[in-house]
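Student: The structure's right below; bear with me while I get my questions together.
What follows draws every value from the coordinates through simple rules; no lab data is involved. What you see is a predicted model; the values in this text were computed from it and never measured. All Cβ positions, even for glycine, are placed from backbone atoms using ideal geometry, and neighbour counts span all protein chains on display.
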Amino acid sequence: MFSLLKTLRKRVVLKWDHFTKNITWIERGIDFQHKNFPIPLKIYDYIFRFNFIKVFFNFYGYHVWRAQYNKREGNHLSYWTSKESLYWHFWRQTDKNGDIQQILKIPGISAFLQNNSLIACEFGFGIGKHYRQHWNKNNLKEYIAMDVNKYICDYDKRFYRKDKNLRVINSSIEEFINGDQKFDILISSGEVFAYLQPSLVDCIFKRLREKGTEAVIILNEGCMTQDIVWEDGTIEYNFKKRLLENGYTNKNYYYQEHENKVLKYIVMC
């Protein structure tokens, strides 16, 4: 009975979400309201911390994001470095990734995360939604939260001020990888590499060994085929190929694919 009710609820929610996302006057109304009378970010952050609000008002967050993102006219990276992108991050903050539970079962991963002599670095930390759900349960010497967006980093410094081993760094990946900071574990959660040029991605993987990196966890991007270039210019990279080319031949690799061949995750340890 419970399973039946859960299935019915899911169907109703999906129909409601599809219905509200595809009504033109709702889209135009939200675009007008957000452009002229935007909800303050602090309030937006608070209301979307509750999943039941996200379920019923998902269409609102969707239209706010879509209107601003699409106005970038191909320069979508500029959206992710803007203050406006905080609306997207707050809207999606309750998203859960069930694949992380599978990753934590991989031999060695939990040991890495509980080793108090190691340093982890998360590229494109955002507001740390996966950190809140999973990665904060660590015993690491340090967890570096690196993001190129200054506004997000300012938010993180306030929000995570009580997390003693978390250090927020406002930097581009290029600046960071060419700096002196070493790290044992690389973590990335969702289309962080997709916006980078192939030459920079190649540079990152060439430098991992000198950084002392021994484990890599990448979620929701990449492929096991030739690199995939999408119409919007973003790229799914073959991370395993690059790791092997740069000397990580004695490591174990674990991955799962979506139906479209994009990776749910890839782990090297």
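Student: For segment 2-91, I need the span (max minus min coordinate) of the C-alpha atoms along each principal axis, in Å, sorted largest to smallest.
Tutor: 45, 27, 25
Student: Could you pull out the pairs from LYS42/LYS162; LYS10/LYS35; LYS241/LYS261; LYS206/LYS251; LYS42/LYS150; LYS241/LYS264 whose alpha carbons sit more than 25 Å apart here? Working shown, then result.
Tutor: Values: LYS42/LYS162 19 Å; LYS10/LYS35 32 Å; LYS241/LYS261 15 Å; LYS206/LYS251 16 Å; LYS42/LYS150 16 Å; LYS241/LYS264 17 Å.
Pairs exceeding the cut-off: LYS10/LYS35.
Student: Helix 150-159 versus the longest principal axis of the chain: what is the Cα-based angle in degrees, 0 to 90, to the nearest 10?
Tutor: 90
Student: Taking springs between alpha-carbon atoms closer than 10 angstrom, which of TRP25, TRP135, TRP16 fluctuates most in the Gaussian network model of the chain?
Tutor: TRP25
Student: Next question, about the same structure. Under a no-solvent Debye model with one identical scatterer per Cα of segment 99-268, what's log10 I(q)/I(0) at q = 0.11, 0.13, 0.14, 0.18 Å⁻¹?
Tutor: -0.42, -0.60, -0.71, -1.24
Student: Could you compute the FRET efficiency for GLN226 and GLN102, with r as their C-beta to C-beta distance and R0 at 35 Å, rounded to 0.05? Walk me through the intermediate numbers first.
Tutor: Values: r = 26 Å, r/R0 = 0.74.
So, using R0 = 35 Å, E works out to roughly 0.85.
Student: Turning to a different aspect of this structure: Are there chymotrypsin sites (Phe, Trp or Tyr not before Pro) in segment 199-269 that DSSP puts in a loop and that have at most 12 other Cβ atoms within 10 Å, and which ones? Kindly include the intermediate steps, with their values, before the conclusion.
Tutor: Details: sites: PHE205, TRP230, TYR237, PHE239, TYR248, TYR253, TYR254, TYR255, TYR265; in loops: TRP230, TYR237, TYR248.
Taking segment 199-269 and a limit of 12 other Cβ atoms within 10 Å, the loop chymotrypsin sites (Phe, Trp or Tyr not before Pro) found are TRP230.
Student: Going by how many other Cβ atoms sit within 10 Å of their own, how do MET224, MET146 line up, fewest first?
Tutor: On the way: MET224 16, MET146 25.
If I rank by nearby Cβ atoms, fewest first, I get MET224, MET146.
Student: Using the Karplus equation 6.51 cos²θ - 1.76 cosθ + 1.60 (θ = phi - 60°), what ³J(HN,Hα) coupling, rounded to whole Hz, does each residue of segment 163-180 give in order, writing x for Gly and Pro?
Tutor: 7, 5, 9, 9, 10, 8, 10, 8, 7, 6, 4, 4, 5, 5, 5, 8, x, 9
Student: Turning to a different aspect of this structure: Only sites in a loop by DSSP and with at most 12 other Cβ atoms within 10 Å count here; which chymotrypsin sites (Phe, Trp or Tyr not before Pro) in segment 36-112 make the cut? Please list the in-between numbers first.
Tutor: Details: sites: TYR44, TYR46, PHE48, PHE50, PHE52, PHE56, PHE57, PHE59, TYR60, TYR62, TRP65, TYR69, TYR79, TRP80, TYR87, TRP88, PHE90, TRP91, PHE112; in loops: PHE48, PHE50, PHE57.
In loop regions of segment 36-112 (DSSP not H, G, I, E or B), the sparsely surrounded chymotrypsin sites (Phe, Trp or Tyr not before Pro) are PHE50.
Student: Arranged by the count of other C-beta atoms within 10 angstrom, fewest first, what order do VAL64, VAL12 take?
Tutor: Numbers: VAL64 23, VAL12 10.
Exposure proxy ranking, most exposed first: VAL12, VAL64.
Student: Name the most mobile residue of ASP227, ASP17, ASP180, meaning the one with the largest mean-square fluctuation, in a Gaussian network model of the chain with Cα contacts below 10 Å.
Tutor: Maximum fluctuation in the GNM of the chain, among the listed residues, is at ASP180.
Student: Please name whichever of ASN165, MET146, LEU200 sits farthest to the positive end of the charge dipole of segment 131-269, dipole taken about the Cα centre and charges placed at Cβ: Lys and Arg +1, Asp and Glu -1.
Tutor: ASN165
Student: Each residue of segment 35-51 in order: what ³J(HN,Hα) in whole Hz does its phi give by Karplus 6.51 cos²θ - 1.76 cosθ + 1.60, θ = phi - 60°, with x for Gly and Pro?
Tutor: Ordered by residue, 3J(HN,Hα) equals 5, 9, 9, x, 5, x, 4, 4, 6, 4, 4, 5, 5, 8, 6, 9, 5 Hz.
Student: Mind checking the full-extension length gain between TYR253 and TRP25? Use 0.36 nm per residue of separation minus the Cα-Cα distance, one decimal, nm. Please report the intermediate quantities before stating the final value.
Tutor: Working: separation 228, 0.36 × 228 = 82.08 nm, distance 4.83 nm.
Net length gain for the segment: 77.2 nm.
Student: Do the sum for the chain: with -39,500 (n - 2.57) for every DSSP H run of n ≥ 4, divided by all residues, what is the mean residue ellipticity at 222 nm, to the nearest 500 deg cm²/dmol?
Tutor: -12500 deg cm²/dmol
Student: Ignoring GluC sites (Glu not before Pro) that are buried or in helix or strand per DSSP, and keeping those with at most 10 other beta carbon atoms within 10 Å, what is the longest stretch of the chain between them? Please list the in-between numbers first.
Tutor: On the way: sites that count: GLU73, GLU231, GLU259.
The segment 74-230 is the longest one with no such site.
Student: When the Cα atoms of segment 32-83 are enclosed in a convex hull and the volume is divided per residue, what value in Å³ results? The partial results should precede the final answer.
Tutor: Details: hull volume 4.7 nm³, N = 52.
Given the Cα convex hull of segment 32-83, per-residue volume reads 90 Å³.
Student: Now for a different question. How big is the charge dipole of the chain about its Cα centre, in debye rounded to the nearest 20, if each Lys and Arg gets +1 on its Cβ and each Asp and Glu gets -1 on its Cβ? Working shown, then result.
Tutor: Numbers: 40 positive and 30 negative charges, 234 e Å.
It comes to approximately 1120 debye.
Student: With the chain treated as a Gaussian network of Cα nodes joined by springs under 10 Å, which of THR94, THR24, THR234 yields the largest mean-square fluctuation?
Tutor: Result: THR24 has the largest fluctuation of those listed.
Student: Sequence gap at least 6, Cα distance under 8 Å: using those rules, report the relative contact order of segment 2-91 to the nearest whole percent.
Tutor: On the way: 50 pairs, mean separation 29.8, N = 90.
It comes to 33 percent, rounded to a whole number.
Student: Specify the angular offset, from 0 to 90 degrees and rounded to the nearest 10, of the alpha carbon long axis of helix 198-211 from the longest principal axis of the alpha carbons in the chain.
Tutor: 50
Student: Near the amide H of SER189, under 5 Å away, which other amide H atoms are found, from residues 5 or more places off or on another chain, if H is placed in the peptide plane?
Tutor: Amide H neighbours of SER189, under 5 Å, 5+ apart: LEU219.
Student: Report, to the nearest 10°, how far helix 2-21 tilts away from the longest principal axis of the Cα atoms in the chain, using its own Cα long axis and a range of 0 to 90°.
Tutor: 70
Student: Further question: Tabulate in residue order the Karplus-calculated ³J(HN,Hα) for segment 90-97, using 6.51 cos²θ - 1.76 cosθ + 1.60 with θ = phi - 60°, rounded to whole Hz; enter x for Gly and Pro.
Tutor: Whole-Hz 3J(HN,Hα) from phi for segment 90-97: 5, 4, 9, 5, 8, 4, 10, 10.
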